[in-house]
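J.: I am attaching a structure below and will ask some questions about it afterwards.
Quick note: the coordinates plus some simple rules give every number you see, no bench work behind them. Please read all numbers here as calculations on a predicted model, not as lab measurements. When we count neighbours, we look across all protein chains shown, and the Cβ atoms used for this are built from the backbone with ideal geometry, even at glycine.
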Amino acid sequence: MGITLVLASVLLFGILNLAPGGPFDARIAAAHIQDPGYLDRLNHLIGLDKPVHERYLDWVGNVLHGNLGESWTMARGQTVNTIIGSRLPNTVMLMTTGLLFSLVIALVVGTISAVRQYSLTDNLFTAFSFFGISIPAFWFGLIMLKFFGLELKLFPVGGIYTVGHQDDLLDRLWHLILPMIVLSLLQVAQWSRFLRSSLLETLRQDYIRTARAKGQTERLVLFRHAFRNAMIPLVTVIAIAIPSLFGGAIFTETIFNWPGMGQLLIGAVGALDWPVAMGVVTITAGLTILANFIADVAYVIIDPRIRY
Amino acid sequence: MATTVSDSNVLSVPASPAQPTFEKKVKATGEAAIVWDRFRRHHFAMIGLGTLLFVVLVSTFAPLAPWSPNAIDRSLTDQQVMAHGFAPPSAAHWFGTDELNRDLFSRLLWAGRISLAVGFLTVGIGATIGIFVGALAGFYGGWLDTVLMRGADLFLSFPFLPTLILISAMLHQYKFSADVTVVQVTTIVGVLALLGWMDTARLVRGQFLTLLNRDFVIAARALGADGRRIMLVHLIPNSMAPIIVAASLNVGGFIIAESAISFLGVGVSPPTASWGSMLADFQSYLRYSAIAVLLPGGAIFITVMAINFVGDGLRDALDPWLRNR
């Protein structure tokens, strides 16, 4: 695990440093600046004149001290920590609401599908999940933006709040709805299918038959006995979905002009600001590891059969 | 070694003359025929296959399209040109034109060539790498297995999309002298294959581990077959079913990944068009044209959906547990 992390960071750092020249080369050439010393000075200031392995060790040393380095181009001289610190809450808000929203919808859809297996509703939900898995998230986002934002004008076309209303919670929610739905589509499609099969599997167990034989109502059988057991594997599925949720956030934030980590990554990549880009990826990887850890712990709490 | 080979020949010789008389009475159904028969009964899979064939065919014949992909229609009136260029559909332009007065229909077909080529090439290369790695790991085991599978874990530990974006952005800094379309397709396929071989490798390794203890493999070993022969003749053909299913479902994923990075501006870039880069171009014109946004996205959606249906049908058709139901 630890070795994998180190190797992964070496590989990623190395790959980024394979790029020819530095972030300023193109800019200086475009500005027709004839002073060659200026480029050297800029490159020296961001440490580009050092050999790759030294830069890597510097970077790792800083990261271990909780410092992700300094931005090269986006906000020259600002620390990556500050930049990410201003963006992270927005992404976390989008991702957590998206996660909760997908979870609620997936639970409802999955339960109905399982209880009414092969009914018209179930088939419709199956078709919907195929639709949700196949549709590219960014296209779905554009359609929602076009239809609900530009045509019907029901929702704002981007941003996280109306200028001058940044403390208005309702205004923020209003801005959140479209991005949240776009971010949730894939998760809803996958999780509802998963919950459906998990619930169908559970409903075939002996203790369900016992519960029914005791004369318990179907509602109690479903919610007290089947539902809670069917939920257990969902914990892992949700933890696994965190990276893909972040991937989805990249599009959602780009389309809805949501100032979060995904938009930051795209901006950093466009500006050749590798420290910021590496910072975003590092934080994402860290969040993924954290989510997996929480899932492991939650598993033990939810399922008493598992002991470590 | 030589003796065991001749032994196997001796064993097979007496059996062959008796075969023809016996075979005549039995109506032989080949493996492919059985699979096709099962696949055919899956309605969605057949619809998917038909749609996919149609898209592939139409994209292949893109050079026959009425317009060249980068040709600007100068016959449009000043008024149409001023209306952000998005001319409505007409006899000359079936789907209208884009913001630079290029024929949307022809451009869509050319873009389809890029998107489909990326999807299928990546799966081909990724599956080949995966089969190779998985076969070595599963067959030889030991330290080779550990090294290769830790390598797979290493690649799996990268967050897929951010890494894809970073590597593509890095490669965009290079200026290659070759044809720009070829360079872009090659780099995208390379990066996607680099990040997409691990599931096949794990699949093949798992298959190998279960197959290695089966009687026919032990028999092959007893007959003196060497590792290469056991892998190529016995293990890989018998592992093909799950590989094909995974690969067919991966094609759609790779097409979406290509369009995703093109949409974010680090994939295919102008003048070459892919469905994703067309969507990226039209993003700024969302206000003025609905059809321009619907078309490239719809093309991705329909193609990927068709591929997923085919993959689903293949899974049902190739799953031996469902057979003889």
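J.: Would you compute the Debye intensity of the range A:248-308 from its alpha-carbon atoms alone, equal scatterers and no solvent, and pass along log10 I(q)/I(0) at q = 0.17, 0.20 Å⁻¹ to two decimals?
T.: The Cα Debye sum returns log10 ratios of -0.65, -0.76.
J.: Just want the ordering: A:Arg204, A:Arg172, B:Arg202, from fewest to most Cβ atoms lying within 10 Å of their own Cβ.
T.: Working: A:Arg204 10, A:Arg172 15, B:Arg202 20.
Taking fewest neighbouring Cβ atoms as first place, the list is A:Arg204, A:Arg172, B:Arg202.
J.: Run the simple label-point estimate for A:Val297 and B:Arg221 please: 7 Å along Cα→C-beta, distance reported in nm.
T.: Simple spin-label model gives 4.6 nm for this pair.
J.: While we're looking at this one, here's another question. As an exercise, identify the chymotrypsin sites (Phe, Trp or Tyr not before Pro) in the range B:159-238 lying in DSSP coil whose Cβ has no more than 16 other Cβ atoms within 10 Å.
T.: Values: sites: B:Phe160, B:Tyr174, B:Phe176, B:Trp197, B:Phe208, B:Phe216; in loops: B:Tyr174, B:Phe176, B:Trp197.
Those satisfying the criteria are B:Tyr174, B:Phe176.
J.: What are the residues whose amide H is under 5 Å from the amide H of A:Glu70, where those residues sit 5 or more places off or on another chain and H is modelled from the backbone?
T.: A:Val80
J.: What residues have an amide H closer than 5 Å to that of B:Thr97, excluding those fewer than 5 places away on the same chain, when H is modeled at 1.01 Å from N in the peptide plane?
T.: So B:Thr97 has HN proximity to B:Ala87, B:Leu104.
J.: Send over the Kirkwood Rh of the range B:117-276, from the inverse of the averaged 1/r over different Cα pairs, rounded to one decimal Å.
T.: About 17.0 Å for the range B:117-276.
J.: So if the hydrodynamic radius of the protein assembly as shown is defined as the Kirkwood radius over C-alpha pairs, what does Stokes-Einstein give as its diffusion coefficient at 4 °C and 1.567 mPa s, in µm² per second? Numbers along the way, then the final one.
T.: Working: Rh = 27.8 Å.
The Stokes-Einstein estimate is 47 µm²/s.
J.: Computed over the Cα atoms, what is the radius of gyration of the range A:53-135 divided by 2.2 N^0.38 Å, N being its residue count?
T.: Values: Rg = 22.4 Å, N = 83, 2.2 N^0.38 = 11.8 Å.
This ratio for the range A:53-135 stands at 1.90.
J.: Using a 10 angstrom cutoff on alpha carbons, build the Gaussian network for chain B and name the most mobile of B:Asn70, B:Asn308, B:Asn250.
T.: Most flexible of the set in this elastic network: B:Asn70.
J.: Averaged over B:168-174, how many beta carbons belonging to a partner chain fall within 10 Å of each residue's beta carbon?
T.: If you average over the peptide's residues, the count of other-chain Cβ atoms is 6.
J.: Between A:Gly21 and residues 5 or more places away or on another chain, which pairs have amide H atoms under 5 Å apart, with H built 1.01 Å from N, and which residues are they?
T.: none
J.: List residues of the range B:151-193, by number, whose backbone nitrogen lies under 11 Å from a label position 7 Å along Cα→C-beta of B:Asn70.
T.: B:180-181
J.: How big is the Cα convex hull of chain A in projection, averaged over all directions, in nm²?
T.: Details: hull surface 86.3 nm².
With the hull built on Cα positions only, its mean projection is 21.6 nm².
J.: Apply 1/(1 + (r/R0)^6) to the Cβ-Cβ distance of B:Thr77 and A:Phe147, taking R0 = 35 Å, and write down the FRET efficiency to the nearest 0.05.
T.: Values: r = 30 Å, r/R0 = 0.85.
FRET efficiency, B:Thr77 to A:Phe147: 0.70.
J.: Give or take rounding to whole Å, what are the principal axis extents of the alpha carbon atoms in the range B:148-199, in descending order?
T.: 37, 17, 14
J.: Ok, one more. Quantify how much of the Cα-Cα distance distribution of the range B:93-162 extends past 17 Å, in percent. Can you show the working numbers first?
T.: Values: 1556 of 2415 pairs.
Value for the range B:93-162: 64 percent of Cα pairs lie more than 17 Å apart.
J.: For chain B, take the longest principal axis of its alpha carbons; what is the angle in degrees between that and the long axis of helix B:142-156, to the nearest 10 within 0 to 90?
T.: Tilt relative to chain B: about 20 degrees.
J.: I need to check one value: relative contact order of chain B, counting alpha carbon pairs closer than 8 Å and at least 6 residues apart, in percent.
T.: On the way: 377 pairs, mean separation 81.9, N = 325.
Normalised by residue count, the contact order of chain B is 25 percent.
J.: Could you grab the Rg to Rh ratio for the range B:157-244? Cα atoms only, Kirkwood for Rh. List each step's numbers first, then the result.
T.: On the way: Rg = 19.5 Å, Rh = 16.1 Å.
Rounded to two decimals, Rg over Rh is 1.21.
J.: Roughly speaking, what % of Cα-Cα pairs in the range B:46-174 are separated by over 27 Å, rounded to a whole number?
T.: On the way: 4149 of 8256 pairs.
Beyond 27 Å sits 50 percent of the P(r) for the range B:46-174.
J.: Stokes-Einstein D for the range A:152-213 at 37 °C, 0.692 mPa s, Kirkwood Rh over Cα pairs, in µm²/s? List each step's numbers first, then the result.
T.: Working: Rh = 15.1 Å.
Here the translational diffusion coefficient equals 217 µm²/s.
J.: While we're looking at this one, here's another question. In 10 Å bins starting at zero, report the fraction of Cα pairs in the range B:264-307 per bin as a rounded %.
T.: 29, 50, 21, 0
J.: Something else: In whole Å, what is the distance between the alpha-carbon centres of the range A:130-157 and the range B:75-152?
T.: Taking the Cα centre of the range B:75-152 as reference, the centre of the range A:130-157 is 22 Å away.
J.: Taking the Cα atoms only, what angle lies between the long axis of helix B:198-211 and the longest principal axis of chain B, rounded to 10 degrees?
T.: Value to nearest ten degrees: 20.
J.: With just the Cα atoms of chain B, tell me how far they stretch along each of the three principal axes, in Å, largest first.
T.: 84, 50, 35
J.: Okay, next question. Given the range A:116-171 reduced to its alpha-carbon atoms as identical point scatterers, what log10 I(q)/I(0) does the Debye formula return at q = 0.15, 0.16, 0.25, 0.29 Å⁻¹?
T.: Taken in order of the listed q values, log10 I(q)/I(0) reads -0.67, -0.71, -0.94, -1.04.
J.: Taking 0.36 nm per residue of sequence separation and subtracting the Cα-Cα distance, how much length would be gained by fully extending the chain between B:Tyr288 and B:Arg40, in nm to one decimal?
T.: Numbers: separation 248, 0.36 × 248 = 89.28 nm, distance 4.35 nm.
Using 0.36 nm per residue and subtracting the Cα-Cα distance, I get 84.9 nm.
J.: Follow-up question, since we're still on this one. For the range B:238-325, what does the equivalent ellipsoid look like in terms of its semi-axes, each the square root of 5 times an eigenvalue of the Cα gyration tensor, given largest first in whole Å?
T.: Values: eigenvalues 245, 40, 9 Å².
Computed over the range B:238-325, the values are 35, 14, 7 Å.
J.: State the percent of C-alpha pairs, over all pairs in the range A:150-308, separated by a distance greater than 23 angstrom.
T.: Working: 7266 of 12561 pairs.
When every Cα pair of the range A:150-308 is considered, 58 percent fall beyond 23 Å.
J.: Quick one: among A:Thr288, A:Thr254, A:Thr121, which has the greatest mean-square fluctuation in a GNM of chain A with alpha-carbon springs under 10 angstrom?
T.: The residue with the greatest mean-square fluctuation here is A:Thr121.
J.: Additional query: Kirkwood Rh, Cα Rg: Rg to Rh for the range B:199-266? Walk me through the numbers before you get to the answer.
T.: Details: Rg = 17.3 Å, Rh = 14.0 Å.
So for the range B:199-266, dividing Rg by the Kirkwood Rh gives 1.24.
J.: So for B:Met149, B:Met46, fewest C-beta neighbours within 10 Å to most, what's the order?
T.: Details: B:Met149 18, B:Met46 15.
So the residues, fewest neighbours to most, are B:Met46, B:Met149.
J.: Compute a Gaussian network model of chain B, connecting alpha carbons closer than 10 Å, and tell me which residue from B:Gly267, B:Gly141, B:Gly190 fluctuates the most.
T.: Answer for the Gaussian network model of chain B: B:Gly141.
J.: Another question, if that's okay. For A:Ser119 and A:Arg212 in one chain, what is 0.36 nm times their gap in residues minus the Cα-Cα distance, to one decimal in nm? Don't skip to the end; give the middle numbers.
T.: On the way: separation 93, 0.36 × 93 = 33.48 nm, distance 2.22 nm.
Full extension of this stretch gives 31.3 nm more.
J.: So for the range A:1-111, taking the charge dipole from beta-carbon charges (+1 Lys/Arg, -1 Asp/Glu), which of A:Ala106, A:Met95, A:Ala75 sits furthest toward the positive end?
T.: Value computed over the given set: A:Ala106.
J.: Tilt of helix B:236-263 relative to the longest C-alpha principal axis of chain B, in degrees (0 to 90, nearest 10)?
T.: For helix B:236-263, the angle is close to 20 degrees.
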